[in-house]
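The values are calculated or read from the model by the stated rules, or taken from the named source; none is laboratory data. Because the structure is a prediction, the values reported are computed rather than measured. Every residue, glycine as well, gets a Cβ built from its backbone with ideal geometry; the counts of neighbours run over all protein chains shown. Side chains included, ligands, DNA and RNA excluded: accessible areas come from the protein's heavy atoms. Shrake-Rupley method; radii C 1.70, N 1.55, O 1.52, S 1.80 Å.
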Amino acid sequence: MTAGDRARALTAGLVAGIAGGLFGVGGGILLVPMLTAWFHATQHEAHGTSLAVVGATALASLVIYGSHSNVDWLTAIIVGASSVFAARLGARLATRTSSRNLTLGFAIFLLLVAVRLMLKLPTAPLVALPHGLAAVALDLALGVAVGVLAGYMGVGGGIIAVPAFTLLLGMPQQIAQGTSLAVILVTAPVGAIEHARHGNMLRRIVGWLALGAAAGAAGASALVQKAPGDVLRRGFALFLLANVGLTFLRARRRGRGPGAPAGSEVSRGVSSH
């Protein structure tokens, strides 16, 4: 691995970590396209490698959010517990999807995220908050959704967890983000292990990516504790919309056989060094 590869890995990790700290996500929505563009990773490799790095982002960010009491630990434990099992399922589904279709799916996913971020969130939950066993059941269901998304899309799951915590549970933005990071810390490694079992990981750059991600996440998390959430969300949404266009272009340039088996692509770039 060259010095240039290490520098690019640190930079990619730093950018993903900053996004993770600012928005309470793992940063995979930025890291996945950077891995495919900068390191010529296949879409499957990018998803697996991203999940291996997301845990570092979550850990570094969670220390800051937790020190400011911006984590609902009970919700995080319940959601995290169910997400562990669902993350493996999501990762397995990803390995059975063709690379082109996985890329298109990721682009559509980014588009939905961008639309969600552009919308102003209501100040009250959309539904009456459940109590007792009903509340536990809702948390378990959220965990399943977060886990499947994390394993399949190669992200930490915060993109669905944060809006779910704010819209369904009525959490303030900072607490929703901190709680999301606590869930990600459990979910992401499970999905990464499943991807690694199928050979979908660029192992040589994981350490450098994680180092950059931890540094970026810690700094951004400290900044966001008092930052205006609306401005941050909408600025990030604009970046995602640009990324959607680039991802669709990459999907069109991939092989013309959309039905090709998921593992048919030959690993390139850093993975072949």
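Quick notes on this structure:
- A full extension of the chain between TRP73 and HIS40 corresponds to an added length of 8.0 nm, given 0.36 nm per residue minus the alpha carbon distance.
- Principal axes of the stretch 183-227: Cα extent on each, largest first, Å: 42, 23, 11
- Å² of accessible area per residue within the stretch 1-92, as computed with a 1.4 Å probe and no ligands counted: 32 Å²
- For peptides 25-33, 184-192, sequence by mean Cβ density within 10 Å, most packed first: 25-33, 184-192
- Couplings for the stretch 136-152, taken from phi via the Karplus curve 6.51 cos²θ - 1.76 cosθ + 1.60 with θ = phi - 60°, read 5, 4, 5, 4, 5, 5, 4, x, 5, 4, 5, x, 4, 4, 4, x, 6 Hz in order; Gly and Pro are left as x.
- Per-residue ³J(HN,Hα) for the stretch 34-50, Karplus 6.51 cos²θ - 1.76 cosθ + 1.60, θ = phi - 60°, Hz, x for Gly and Pro: 5, 5, 6, 7, 8, 10, 6, 6, 5, 4, 5, 5, 4, 5, x, 5, 4
- Cα gyration tensor, the stretch 1-98 - rounded (a/c under 1.5), prolate or oblate: oblate
- Between the stretch 168-243 and the stretch 41-107, the Cα center-to-center distance that results, in Å: 9 Å
- Peptides 141-148, 157-164 ordered by average Cβ neighbours within 10 Å, highest first: 157-164, 141-148
- Normalised by the number of residues in the stretch 149-240, the average gap of Cα pairs under 8 Å and 6 or more apart makes the relative contact order 25 percent.
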